[in-house]
Structure formats: C-alpha cells, structure tokens
Amino acid sequence: MKHFKWRRQGKVRLHQKPNAEEIRACAAWWRAELDTIAPAVVVLLGATAAQAALGPKVRVTRDRGVVIPASERFPHDALVTIHPSAVLRMKDPERDAAFDGLAHDLREAARYAGDA
C-alpha cells in the first residue's frame, strides 16, 4: 500500500496504520497495478499489506518467509515479511536478528522469482 498517514510525536513523525476504509479505497488501484505488472511473486511488507491482500487470518510472525500460492482471493504468489520500518524501530540485539530475517525473506522471494 502506498500510504502516508502519520502523527507528530515531538520532533518525530510516527506512521499510523490505515483504517479499513482507507485500505478498501486503495485496493482496486494496487490490484490493477499488480495485474498489469504480473510479478512472479509479491512481497507483502508488514501486517497491513499482508492482511489487505490475503485476509485477516494472515500473521506476519507465523506466515513470513514462505511463498503462499496464488488463490481466488489474491491471484499472485506472495511472500509475507516484516516491514523494514519495524526493523529500524527495534533496539539491538533484536534489530540485527530482525534485519537478518528480513534479508533472508527477500532472498527467498528473489530465489522464487528466479525459478518462476
């Protein structure tokens, strides 16, 4: 999703999760974009993107790093992973492990796309 809703907290701008109406408003647009591009795999960064595409039962912590085959609901193979901004918000040593996990997931998506 291309979404730029935020709130100010001191000198920092904090990202805010879009509401259901905002997600629905963008759905036709990003679906048309994906249909035009026809990617080998779609990388869904974070829970908002994953749940918007695959439904509310998707959990990033449970479903990440594995290619989910296309279905009637989402007609593209997809890989769920954490959002890079989540990694940036973490403190060491969790940040290092999260970064390594994100990099692993992206390599898996690239490998899958190369095989497709």
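The values are calculated or read from the model by the stated rules, or taken from the named source; none is laboratory data. Note that this is a predicted model, so its numbers are computed, not measured. We place every Cβ from the backbone using ideal geometry, glycine too, and count neighbours over all the protein chains shown.
Among the criteria (1) modelled with pLDDT of 95 or more; (2) under 23 Å from Gly101 (Cα atoms); (3) loosely packed, with under 11 Cβ neighbours inside 10 Å, the one Thr61 does not fulfil is (1).
Select from the range 14-58 the residues that are closer than 20 Å to Arg107 by Cα, without any contact (Cβ under 8 Å) to a residue 40 or more places away in the chain and among the small types (Gly, Ala, Ser) and list them in ascending order. Ala38, Ala47, Ala50 - these are the residues of the range 14-58 that are closer than 20 Å to Arg107 by Cα, without any contact (Cβ under 8 Å) to a residue 40 or more places away in the chain and among the small types (Gly, Ala, Ser).
Output the residues belonging to the range 64-116 that are touching a His at 6+ places or on another chain (Cβ under 8 Å) and either of a type in the set (A, V, I, L, M) or surrounded by fewer than 16 Cβ atoms within 10 Å (Cβ to Cβ) (or both). Let's see the steps before the verdict.
Narrowing the range 64-116 to residues touching a His at 6+ places or on another chain (Cβ under 8 Å): 65, 70, 85.
If the condition is that a residue be touching a His at 6+ places or on another chain (Cβ under 8 Å) and either of a type in the set (A, V, I, L, M) or surrounded by fewer than 16 Cβ atoms within 10 Å (Cβ to Cβ) (or both), then Ala70, Ser85 are the ones that fit.
A Cβ distance below 7 Å, combined with a sequence gap of six or more or placement on separate chains, defines the contacts here; from the range 91-107, residues that are under 16 Å from Thr61 (Cα atoms) and without any contact (Cβ under 8 Å) to a residue 40 or more places away in the chain reach residues that are polar (S, T, N, Q) and surrounded by 15 or more Cβ atoms within 10 Å (Cβ to Cβ) in the pairs Leu102/Thr81.
Find the residue count for the range 75-84, including only residues that are under 21 Å from Arg62 (Cβ atoms) and either over 11 Å from the mean Cα position of the chain (by Cα) or of a type in the set (Phe, Trp, Tyr) (or both).
2
Filtering Thr81, Thr48 for residues that are of a type in the set (Val, Ile, Thr) and within 21 Å of Ala25 (Cα to Cα) leaves a single hit, Thr48.
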